[in-house]
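A short write-up of the structure that comes next.
Nothing in this text is a laboratory measurement; each read-out follows from the coordinates by a stated rule. Keep in mind that what you see is a predicted model, and the values were worked out from it rather than measured. Cβ atoms come from the backbone with ideal geometry, glycine included; neighbour counts cover every protein chain shown.
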Amino acid sequence: MTAREQHDRMANAIRFLSMDAVEKANSGHPGLPMGCADIATVLFSRFLKFDAKAPHWADRDRFILSAGHGSMLLYSLLYLTGYEDMTIDQIKNFRQLGSKTAGHPEYGHAAGIETTTGPLGQGLANSVGFALGERIMNAAFGNDLVNHYTYVLAGDGCLMEGVSHEAIALAGHLKLNKLIVFWDNNNISIDGPVSLADNTDQVARFQACGWNASHIDGTDPEAIAYAIEAARHSDKPTMIACKTTIGFGAPTKAGTNKAHGSPLGAEEIAGARKFFNWDSPPFEIPADILDAWRAIGKGGVKARADWEGRLANAEPKLKAEFERRLSGKLPSNFDAVIADYKKKLSTDKPKVATRKSSEMALEVINGAVPETIGGSADLTGSNNTKTSQTKNITPDDYGQRYVHYGIREHGMAAAINGLTLHGGLIAYGGTFLCFSDYARPSMRLASLMGIRSIFVMTHDSIGLGEDGPTHQPVEHLAALRAIPNHNVFRPADAVETAECWQIALESEKTPSTLALTRQNLPTVRTEHSAKNLSSQGAYELAAASGEAAVTIFATGSEVEIALGARDLLEKHGHPTRVVSVPCFELFDQQSEDYRKKTIGNAKIKVAIEAGIRQGWDHLIGTDGIFIGMHGFGASGTIEQLYPHFGITADAAAKAVEARLHGK
Ligand SMILES: Cc1ncc(C[n+]2csc(CCOP(=O)(O)OP(=O)(O)O)c2C)c(N)n1
């Protein structure tokens, strides 16, 4: 058999596993794997550094299928190369409940799936974080331990999504030359030809963003190999525009949108079997071809063993630090550092905005945790995300710890996910809470994947003042709380802010958003507690003088208002307690006993939060009093806005008294 024949048969193994799995599932996308099988075969057989039996090897090359609808391409590759998670039964159970072969690749389902893709553009945008993570880790640990490529397969959809532009501009700016993107340039998307909606010269676009980019025939193994080889020696990121045919080999559906999102049908598959001269039944791969693929799966064994040798011989401190960072565990003195810092805060009682408290906490954290990588989407001075330890990462110096993401909230959040998924790093990035909307698709995926991405969202209410309603978040806390597995923190003072940061860093499987104020707030936690009270989600901050008639729940800046309302009510003879609620999600995870005790039996329950009511009824009941926002904010000073919207201690006390007096 010639080398070309061997290549073709190996590529056809991907094609038939994909066609047959989609057919059996009666759902899925056969077109992409059929069109891109040559690209994948060349990449995996000749370039990708990996060992299928050690899928978590830290220095493996990463392969990201950004066009997640073509998931069968990835699943086929994982099966063929011998990843233990990916058995032939998993392939047969494509898209069935409980299988590892979900409709779109899901991080954590099977080793070898580096990130969850499906929402188009995300994988490409994640890859910027992966490639940057590689450079950062390389700068910290050297070529011997960290030296790998990030390969991405993206479709027309990924390139049409807006996030792609943020991602490629950032990658070009940072000169991430070990990032190599294949564009499946097949001219087809779901509605039909791409020309229905797009005529962008993608090669020119990537070039304009500082990439190498060129066109190749994506079905010619030598052209593919030549392009990859050139990309690996480039000083810029590379985009290879691969001309392919969607559903290649399907007699009538190839090259049309009919090969995109549904099974090909028995007749079409029979035609493809003829076309490729493939006579194996579904899910059976000829032994010589499976052997050849399995050999590729073992191709990286020596490279991995050599790497393990280098790690074993590395300077012991460096080795220990490398291993600690990759394990995701914080330095052993971390808790003590935070405890000391909290003690100091309760004594100093600073009156600062929680965005400033966050910066103060980060100054301590970044000093103790060298793997944090900060950043902001062009609001560094407002988000207070930069500390003395975090100097700018530039193309000339990846050994630093701060990313100026530019005005690219979505690209930033996706890159943060990529940095996190790369391993060895804890990434956080900031913008205004209102613009979490721009980052939300990636924030949601962080939650779905269960990873430790951290989002610093300042200017968290009308308290930001004159910028007005375009910048004043109203529904954002509720909207973020609606995402499963996402801790939304709204700390009330510097102590709670330190506690929330501690929890965010310790939550290895849950992303966090910290909602922080622009305006100054007093320290309300004036008595030191060794315990992290915020970890309970809600706790009694001020007890009532007698049996409580009123409980006021509040978060963030409104805790001060709640304490003011308590003073007024107590003066008027109504025993009132205040419960601070820094995190709904953590409160919901407490024991029923604790929740009952914390919510309490006071006749009147009040919530104060400068956002919408949604979500509060589970604490105050539908008959509780809500002091907050009922629509958009307004432009004015903070001193005007809180009274204007009725969010004051006086208004809260009056509402309670009206209720007490039966009005
Ligand atoms: C953000 C997002 N929007 C829409 C979709 C639905 N969708 C899945 S594939 C696809 C078309 C993608 O076209 P292309 O990238 O050219 O893939 P091909 O048809 O060539 O496989 C669309 C619109 C999605 N998965 N993600």
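Its convex hull of Cα atoms gives the chain a direction-averaged projected area, equal to a quarter of the hull surface, of 30.6 nm². For the pair region 3-23 and region 97-113, the centres of their Cα atoms are 21 angstrom apart.
Measuring between their Cα centroids, region 525-604 and region 302-348 lie 37 Å from each other.
How tilted is helix 3-25 with respect to the longest principal axis of the chain? Cα atoms for both, answer in degrees (0 to 90, nearest 10). Taking the Cα atoms of the chain, the angle to 3-25 is about 50 degrees. Ignoring aspartates and glutamates fewer than eight residues from residue 531 along the same chain, the ones with Cα atoms less than 17 angstrom from its Cα are 335, 340, 493, 496, 499, 506, 540.
With runs of 4+ DSSP H residues as the only contributors, calculate the mean residue ellipticity of the chain at 222 nm using -39,500 (n - 2.57) per run, divided by the residue total and rounded to the nearest 500.
Working: 26 runs with 285 residues, N = 663.
Value at 222 nm, helices only, nearest 500: -13000 deg cm²/dmol.
Cβ-to-Cβ counts within 10 Å put 2, 117 in ascending order as 2, 117, the fewest first. For region 110-205, the alpha-carbon coordinates run over 48, 33, 18 Å along the three principal axes, in decreasing order.
Taking the square root of 5 times each eigenvalue of the Cα gyration tensor, what semi-axes in Å does the equivalent ellipsoid of region 148-278 have, largest first?
Sorted largest first and rounded, they come to 30, 18, 11 Å.
When 229, 321 are ordered from fewest to most other Cβ atoms inside 10 Å of their Cβ, what list results? Each step should come with its number before you reach the end.
Values: 229 11, 321 18.
Final ranking by Cβ density, sparse to dense: 229, 321.
Between residue 466 and residue 520, the contour length at 0.36 nm per residue exceeds the alpha carbon distance by 17.9 nm. Relative to one another, the C-alpha centroids of region 378-419 and region 426-446 are positioned 13 Å apart. Among 360, 239, 1, the order by Cβ neighbours within 10 angstrom, fewest to most, reads 1, 360, 239.
Antiparallel DSSP bridges in the chain: what percent, to the nearest 5?
On the way: 7 of 62 bridges.
If we restrict to bridges inside the chain, about 10 percent are antiparallel.
Take the Cα pairs of region 582-644, get the Kirkwood Rh, then feed it into Stokes-Einstein at 25 °C and 0.890 mPa s and tell me D in µm²/s. Approximately 181 µm²/s, per Stokes-Einstein. Length gained on full extension, residue 323 to residue 306, computed as 0.36 nm times the residue gap minus the Cα-Cα distance: 4.4 nm. Comparing 384, 90, 269 along the charge dipole axis of the chain, the residue lying farthest to the positive side is 384, per the Cβ-charge model.
Tally Lys/Arg at +1 and Asp/Glu at -1 over every other residue whose Cβ is under 15 Å from the Cβ of residue 264; what's the total? Walk me through the numbers before you get to the answer.
On the way: positive: 15, 24, 253, 258, 273, 274; negative: 20, 23, 267, 268.
Charge balance in the 15 Å sphere: +2.
Amide H contacts for residue 376 (H built 1.01 Å from N in the peptide plane; partners 5 or more residues away or on another chain; cut-off under 5 Å): 403, 405, 430. Rounded to the nearest whole Hz, the Karplus-based 3J(HN,Hα) values (6.51 cos²θ - 1.76 cosθ + 1.60, θ = phi - 60°) of region 367-373 follow the sequence x, 9, 10, x, 8, 6, 10, with x at glycine and proline.
Of the cross-linked pairs 53/302; 329/509; 175/243, which ones have a Cα-Cα span greater than 19 Å in the structure shown? Intermediate values should be presented prior to the final figure.
On the way: 53/302 12 Å; 329/509 12 Å; 175/243 25 Å.
As for pairs spanning more than 19 Å Cα to Cα, those are 175/243.
Take the Cα of residue 198, step 7 Å toward its Cβ, do the same at residue 147, and the gap between the two points is 3.6 nm.
Taking the longest Cα principal axis of the chain as reference, the axis of helix 558-571 is set at about 20 degrees.
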